[in-house]
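Enquirer: Encoded as structure tokens, here's the structure I'll be asking about.
The values are calculated or read from the model by the stated rules, or taken from the named source; none is laboratory data. It should be emphasised that the depicted structure is a prediction, and the values quoted were computed from it without experimental measurement. Glycine gets a Cβ as well: all are built from the backbone with ideal geometry, and neighbour counts include every protein chain shown. Accessible surface areas use protein heavy atoms only, side chains included; no ligands, DNA or RNA. Shrake-Rupley method; radii C 1.70, N 1.55, O 1.52, S 1.80 Å.
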Amino acid sequence: MHASGRRVRVRNMAWEGDTVYEQVRPLNFGTWTDHLRRAGASVVVAQFGQVEALEGKAGVERFAAAYDALVAQFAATTKRIVLVSPTPFGKGSASQPDLTARNEDLKLYVDAVRKIAAKRECLFIDLSTNAMAAEGFTRNGLHLTTEGQWAAAQETARPARDRRA
């Protein structure tokens with residue numbers, strides 16, 4: 001992939017189940033800094049908060065402290081960090097719970113991410129908007145469908161100058 005005459009390499013360093021509190025890795029796996037340096041990371045994009053929001057209002061401060069510490073680790077490699085908000089919860093199927101009531105708690109976590117981004121001077125991309133809460137954007141209230149992924153990609157790719165503060 002090329003951008004402005006540069007060769008862009010994208011590496012997904014996330015594992016299923018990662019949270020700001022824990023990224024389960026094998027013994028002696030190494031630190032984030034080690035792996036980001038090995039990958040040659042010049043930009044880090046991070047998205048946390050949706051699963052953590054299931055803890056409700058009581059977990060926001062703990063989340064913010066853990067996320068800020070994680071961003072500090074990323075900053076040891078690059079100052080170019082993008083924090084992406086969690087996407088809203090949707091309705092599950094008839095056999096799954098309706099998680100939309102959790103969106104009030106999610107807003108608290110999105111605000112925490114926004115504050116961390118401002119403090120650390122990171123770009124913030126807000127995927128918690130009403131547009132992202134459209135019916136059919138999640139398959140179980142939590143995981144994005146193809147349509148949800150497309151909408152998230154479109155918002156993420158929108159130029160920073162077009163974003164509201």
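Enquirer: Enter the Cα centre distance for the pair segment 88-165 and segment 52-71, rounded to the nearest angstrom.
Expert: For segment 88-165 versus segment 52-71, the Cα centre distance is 17 Å.
Enquirer: Quick one: pull the percent of accessible area on the chain belonging to carbon and sulfur, 1.4 Å probe, ligands and nucleic acids left out.
Expert: On the way: 5460 of 10430 Å².
On the chain, the fraction of accessible area on carbon and sulfur atoms equals 52 percent.
Enquirer: What residue among ARG120, ARG11, ARG139 shows peak mean-square fluctuation when the chain is described by a Gaussian network model with Cα springs under 10 Å?
Expert: ARG11
Enquirer: Of the candidates TRP15, TRP32, TRP150, which one comes out as most mobile in a Gaussian network treatment of the chain with C-alpha springs shorter than 10 Å?
Expert: Its mean-square fluctuation being the largest, the pick is TRP15.
Enquirer: What share of the DSSP beta bridges in segment 1-137 is antiparallel, in percent to the nearest 5?
Expert: DSSP beta bridges in segment 1-137 are roughly 30 percent antiparallel.
Enquirer: Related question: Each residue of segment 85-99 in turn: what ³J(HN,Hα) in whole Hz from Karplus with 6.51, -1.76, 1.60 and θ = phi - 60°, glycine and Pro shown as x?
Expert: For segment 85-99, the Karplus curve yields 5, x, 7, x, 6, x, 7, x, 6, 4, 8, 10, x, 7, 8 Hz.
Enquirer: Per residue, how much accessible surface does the chain expose to a 1.4 Å probe? Answer in Å², no decimals.
Expert: So the chain comes to 63 Å² accessible per residue, rounded to a whole number.
Enquirer: How large is the direction-averaged shadow of the alpha-carbon convex hull of segment 19-83, in nm²?
Expert: Convex hull of Cα atoms, orientation-averaged projection: 4.7 nm².
Enquirer: If each of ALA14 and LYS119 carries a label point 7 Å out from its Cα toward its Cβ, how far apart are those two points in nm?
Expert: 2.2 nm
Enquirer: Hey, another quick one. P(r) tail for the chain, what percent of Cα pairs lie past 19 Å?
Expert: Across the chain, Cα pairs with separations above 19 Å total 59 percent.
Enquirer: Mind listing the long-range amide H neighbours of LEU123? Cut-off is under 5 Å, sequence gap 5 or more, other chains count too, H placed in the peptide plane at 1.01 Å from N.
Expert: Amide H neighbours of LEU123: ILE81, LEU83.
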